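Only the coordinates and a few stated rules stand behind these numbers; no lab work does. All values derive from a computational prediction rather than experimental measurement. Every residue, glycine as well, gets a Cβ built from its backbone with ideal geometry; the counts of neighbours run over all protein chains shown.
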Amino acid sequence: MTFYFVNGGMEKFAKRAPEGSKSIPQEIEEAATRATLDLVPTKSKKQYELAYKRFVEWCDRNNVADKYRENVMLAFFEQNSKI
């Protein structure tokens with residue numbers, strides 16, 4: 001699968017589907033990626049990139065390998081809502 005994410009700019013990385021899982025065809029992944037690249041308005045892009053950077057740094061500090069799970073994001077939001 002191919003994903004794009006913001007980390008100081010748009011970057012591209014590859015991630016394989018876990019063994020035994022149903023994989024999504026490459027064309028579908030790429031179409032979804034293209035559709036999501038322009039979702040962040042230019043006006044708020046810097047704020048989004050900063051928030052994403054804080055999330056990634058938080059995951060690194062907390063030794064979180066699987067960043068994009070619901071429970072990880074909920075814990076991040078819960079801890080950061082107290083700041």
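Figures for the structure shown
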item: Listed residue (V64, Q47, L74) projecting farthest to the positive dipole end of the range 34-83, Cβ model; result: Q47
item: Calculated FRET value between K43 and S81, using beta carbons and R₀ = 22 Å, to 0.05; result: 0.35
item: Compactness of the range 40-83 as Cα Rg over 2.2 N^0.38 Å, two decimals; result: 1.22
item: Two-site label geometry, M73 and E30: point separation in nm, points 7 Å out along Cα→Cβ; result: 2.6
